[in-house]
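Student: Mind looking over this structure? Questions follow.
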Amino acid sequence: MAGSSATIVAGLTSAALATVGFLALRASATAPDGPAEPRTRAAAAWKASPGRTRPLALPASSGVGERVVYALDGDRVWLVGPDGRVERTFAVTPGTVDPVPGAYAVTSRSSTATGTDGVPVEHVVRFTEVSDVVVGFSATTDGSMPVPDPETETGGIRETPADGEAMWRFATIGQRIVVVR
């Protein structure tokens, strides 16, 4: 019996190692080449250039299932239900620091706070950090959508108060956030 148990354990260990290796290979194929760099003034100017469109269709590369999708190039968010249907989509005003495209999870939330730019915010939903700058969604308490100072590193992705409230209800701790180009 001891010999057969050892064989079973060895087989399970080999299968587990093969699975981990396979998953690591798949993850490395989609991993970014390096850490994100803060958005530059030129990049911010390009994003604000006239004639740019903000596609309303959910990006095909955003995965499946319930999730928040944030498109960096379109400055748009989609709240996607468990059935894969878009429950809400809205435009946002990004900070000066972008997260790296990939999958994240909501790590913390605050009903009110002060943004990295000193502006009072509400419905704060945080999901990553880039070079010591916390990145997350929030709405200003006065409803304004200020354009961030390009000289200040800010990770606040600003929403209208109504969109911020919708995000707050949808994106609880652990909710998947998918960032796409």
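Student: Let me check against my output: what whole-number percent is the relative contact order of segment 72-120, with C-alpha pairs under 8 Å and at least 6 apart?
Tutor: Values: 29 pairs, mean separation 11.7, N = 49.
The normalised contact order for segment 72-120 reaches 24 percent.
Student: Just to check I understand the Karplus step: with θ = phi - 60° and J = 6.51 cos²θ - 1.76 cosθ + 1.60, what whole-Hz values come out for segment 76-89, glycine and proline as x?
Tutor: So the J values, rounded to whole Hz, are 9, 10, 10, 9, 10, x, x, 8, x, 8, 6, 8, 6, 9.
Student: For Leu58, Leu72, give me the order by solvent-accessible area with a 1.4 Å probe, most accessible first, ignoring ligands, DNA and RNA.
Tutor: Numbers: Leu58 50, Leu72 0 Å².
Highest to lowest solvent-accessible surface, that is Leu58, Leu72.
Student: By average Cβ neighbour count within 10 Å, what is the ranking of 125-136, 101-112, 163-174 from highest down? Intermediate values should be presented prior to the final figure.
Tutor: Working: 125-136: 19.4, 101-112: 15.0, 163-174: 16.9.
Listed from highest to lowest mean packing, they are 125-136, 163-174, 101-112.
Student: With a/c under 1.5 counting as rounded, go ahead and sort segment 127-181 into rounded, prolate or oblate using the C-alpha gyration tensor (a ≥ b ≥ c being the square roots of the eigenvalues; past the cut-off, prolate if a/b is larger than b/c, else oblate).
Tutor: Numbers: a/c = 2.13, a/b = 1.09, b/c = 1.96.
Note, shape of segment 127-181 comes out oblate.
The values are calculated or read from the model by the stated rules, or taken from the named source; none is laboratory data. What you see is a predicted model, and the numbers here were worked out from it, not measured in a lab. Here Cβ is always computed from backbone atoms with ideal geometry, including for glycine, and neighbour counts include all displayed protein chains. Please note that ligands, DNA and RNA were not included when accessible areas were found on the heavy atoms of the full protein model with its side chains. Shrake-Rupley method; radii C 1.70, N 1.55, O 1.52, S 1.80 Å.
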